[in-house]
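The values are calculated or read from the model by the stated rules, or taken from the named source; none is laboratory data. Worth saying up front: this structure is predicted, and the values here are computed from it rather than measured. Cβ sites come from the backbone with ideal geometry, for glycine too, and all protein chains shown count toward neighbours. Protein only, heavy atoms only, side chains kept; ligands, DNA and RNA dropped before computing areas. Shrake-Rupley method; radii C 1.70, N 1.55, O 1.52, S 1.80 Å.
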Amino acid sequence: RLLRTILLLAGNELSGLAPSDLAKSLDVHPSNVTRDLANLKEAGLAEQLPDTGRWRLGPKIVQVAVDFQLNLERSQSRVDEIRQRYTRR
């Protein structure tokens, strides 16, 4: 359910989603959504918009994505170095 909540929040970073909308989409009781959002907030994966009470993904998700991208780039650089070393004539 937490992963489904994260996927629903994705793409709604500006306006966020209301807990009631999440409960409907997930087909769960609103109290479950409240608990899930609290857990996601504690982990830095979701945050509540102060002016509307709606929810969006937290910065931790973006940080994970950036770390992943940087690791891919470093790995690709290493593969390129090895390839060049073995294919040089």
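Give me a comma-separated list of calculated 3J(HN,Hα) values for segment 48-54, in order, Karplus coefficients 6.51, -1.76, 1.60 applied at θ = phi - 60°, integers in Hz, x for any Gly or Pro.
9, 6, x, 7, 10, x, 7
Would you mind computing, in nm to one decimal, how far apart the modelled labels at residue 25 and residue 78 are, each placed 7 Å from Cα along Cα→Cβ?
Between residue 25 and residue 78, the label points sit 3.7 nm apart.
Can you give the helix-only mean residue ellipticity at 222 nm for the chain, where every DSSP H stretch with n ≥ 4 adds -39500 (n - 2.57) and the sum goes over all residues, rounded to the nearest 500 deg cm²/dmol?
It lands at -21000 deg cm²/dmol.
With Cβ to Cβ distances under 15 Å as the rule, what net charge do the other residues near residue 53 carry (K, R +1; D, E -1)? Each step should come with its number before you reach the end.
On the way: positive: 41, 54, 56; negative: 21, 47, 51.
That works out to 0.
So if we plug the beta-carbon distance of residue 41 and residue 71 into 1/(1 + (r/R0)^6) with R0 = 30 Å, what FRET efficiency do we get, rounded to 0.05?
On the way: r = 26 Å, r/R0 = 0.88.
Step by step, r from the Cβ atoms, then E = 0.70.
Please give the per residue accessible area of the chain, computed with a probe of 1.4 Å over protein heavy atoms only, in Å².
Per residue, the chain has 75 Å² of solvent-accessible surface.
Compute the length gained on full extension between residue 13 and residue 34: take 0.36 nm times their separation in residues and subtract their Cα-Cα distance, giving the result in nm to one decimal.
Contour length minus Cα-Cα distance gives 5.7 nm.
Quick one: pull the percent of accessible area on the chain belonging to carbon and sulfur, 1.4 Å probe, ligands and nucleic acids left out.
Answer for the chain: carbon and sulfur cover 55 percent of the accessible area.
5 Å is the cut-off here: which amide hydrogens, built 1.01 Å from N in the peptide plane, fall below it relative to residue 46, excluding neighbours closer than 5 in sequence?
41, 58
Keeping all protein chains in the complex and leaving out DNA, RNA and ligands, what accessible area do you get for residue 60 with a 1.4 Å probe, in Å² to the nearest 10?
Rounded to the nearest 10, the figure is 90 Å².
For a label point 7 angstrom out from the Cα of residue 51 toward its Cβ, which stretches of segment 1-26 have the backbone nitrogen within less than 11 Å?
15
Computed over the Cα atoms of the chain, what is the ratio Rg over Rh, Rh following Kirkwood?
That ratio equals 1.28.
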